1. Is there any pair with a first residue in the range 1-29 that is outside any strand (DSSP E or B) and a second that is of a type in the set (Lys, Arg) and crowded, with 20+ Cβ neighbours inside 10 Å whose Cβ atoms are under 8 Å apart and which are 6 or more apart or on different chains, and what are they?
2. Filter the range 44-60 down to the residues that are more than 13 Å from the chain's Cα centre (by Cα) and not aliphatic (A, V, I, L, M) and list them by number.
3. Mind checking which residues of the range 156-181 are of a type outside the set (A, V, I, L, M), surrounded by 15 or more Cβ atoms within 10 Å (Cβ to Cβ) and under 18 Å from the mean Cα position of the chain (by Cα)?
4. I need the full set of residues from the range 42-70 which are surrounded by 21 or more Cβ atoms within 10 Å (Cβ to Cβ) and in a helix (DSSP H, G or I), in order please.
5. Output the number of residues of the range 260-290 satisfying the condition of being part of a loop (DSSP other than H, G, I, E, B), at pLDDT 90 or above and out of contact with any Pro (no Cβ under 8 Å at 6 or more places or on another chain).
6. Would you point out which residue out of Ala63, Ala59, Ala53 is in the same structural domain as Glu196 (by TED's automatic domain parsing), at pLDDT 95 or above, within 30 Å of Ala267 (Cα to Cα) and touching a strand residue (DSSP E or B) at 6+ places or on another chain (Cβ under 7 Å)?
7. Determine, yes or no, whether Gly136 is surrounded by fewer than 22 Cβ atoms within 10 Å (Cβ to Cβ) and not hydrophobic (A, V, I, L, M, F, W, C).
8. Does Arg146 satisfy the condition of being within 26 Å of Ala24 (Cβ to Cβ), modelled with pLDDT of 95 or more and not hydrophobic (A, V, I, L, M, F, W, C)?
Amino acid sequence: MPPSFETLRWELDGPVLTITLDRADHMNAMTRTMRRELCRVLDLADGDDAVRAVVFTGAGTRAFCAGFDLAGGPASFDPANRADDAVDEPDRDGGGVLALRLFASTKPLIAAVNGAAVGIGAAMTLPMDLRIAADGARFGFVYARRGIVPDACASWFLPRVVGIGRALEWSLSGRLVTGAEALAGGLVQRLVPADELRGAARAAALEIAENTAPVSVALTRQLMWRMLGANHPMAAHRLESRLIAERGASADAREGVAAFAAKRKPAFEGRVSEAFAAPEPWRTDPPFGACDER
């Protein structure tokens with residue numbers, strides 16, 4: 001039986017897990033409950049070898065996620081409003097907790113942005129691997145317009161995704177960015193008609209799931225993200241050398257070569273849950289993906 005959530009919908013269809021932010025009446029605005037449930041989803045997906053890719057989208061047609069729910073009024077961002085929320089650390093941004101958990105995922109993550117993505121709604125897509133948007137989607141890094149600063153580690157992710165110039169322009173002005181501008185700026189990799197969005201996201205997920213080794217995918221996404229912060233290519237060389245040696249001796253590597261020679265689809269048997277049971281070679285203390293506030 002699929003897990004149940006208060007703010008999300010879980011749909012597992014073959015190797016593709018689709019998670020829908022399910023607060024359409026509130027433009028799928030982020031709440032602390034939704035953030036914790038998203039962390040829980042990532043834990044479950046990482047622990048299930050049947051899940052090969054995760055697609056995130058929003059319910060309805062108006063919004064992917066309209067940012068943090070401002071039902072608390074003018075003091076919505078005041079840490080004092082979390083005084084009765086015993087599982088939260090008042091000095092730690094909840095959006096950052098989610099972003100770090102997304103960053104640490106062992107599964108490829110695809111954002112299917114069906115409408116407005118604002119604040120945390122835009123920032124939460126940045127640690128994902130593919131961003132596909134409906135042609136009417138809008139993005140807004142609106143923090144300065146709300147009197148705050150970027151959250152969800154956007155000050156780290158956004159310049160790496162779109163470059164420092166665009167990151168500053170979009171964040172200092174806080175203006176809404178059209179889907180076409182987001183595509184031109186590299187924020188999204190593809191823009192499609194709204195009625196084709198879910199199909200395009202699923203096709204991208206299946207392209208990964210049906211042709212690649214799960215362990216190789218998990219290691220590759222971690223290598224790519226983590227090497228963005230390396231000071232010298234030697235760091236990549238050392239880690240790649242170690243992982244090439246380990247993977248080169250694996251059954252998956254033999255199967256990959258055999259499938260190529262036979263002109264057939266590979267049948268990889270390596271399991272991410274087993275490969276990542278031991279400490280990862282880049283693991284620090286505390287773990288990058290710590291999500292203990294959920």
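1. Within 8 Å, the pairs are Thr7/Arg23; Pro15/Arg52; Ala29/Arg23.
2. Once the filter is applied, which keeps residues that are more than 13 Å from the chain's Cα centre (by Cα) and not aliphatic (A, V, I, L, M), the range 44-60 yields Gly47, Asp48, Asp49, Arg52, Gly58, Gly60.
3. Trp156, Phe157, Pro159
4. Within the range 42-70, Leu42, Ala45 meet the criteria.
5. Step one: of the range 260-290, the residues part of a loop (DSSP other than H, G, I, E, B) are 263-271, 276-290.
Okay, now just the ones that are also at pLDDT 90 or above, so 263-271.
Remaining after also requiring out of contact with any Pro (no Cβ under 8 Å at 6 or more places or on another chain): 263-267, 269.
Number of matching residues: 6.
6. Values: Ala63 fails: within 30 Å of Ala267 (Cα to Cα); Ala59 fails: within 30 Å of Ala267 (Cα to Cα).
Result of the check over Ala63, Ala59, Ala53: Ala53.
7. Values: surrounded by fewer than 22 Cβ atoms within 10 Å (Cβ to Cβ): yes; not hydrophobic (A, V, I, L, M, F, W, C): yes.
So Gly136 passes the test.
8. Numbers: within 26 Å of Ala24 (Cβ to Cβ): yes; modelled with pLDDT of 95 or more: no; not hydrophobic (A, V, I, L, M, F, W, C): yes.
So Arg146 fails the test.
The values are calculated or read from the model by the stated rules, or taken from the named source; none is laboratory data. Quick caveat, the model's predicted, so the values are computed rather than measured. In this analysis, Cβ positions are derived from the backbone assuming ideal geometry, glycine residues included, and neighbour counts consider all displayed protein chains.
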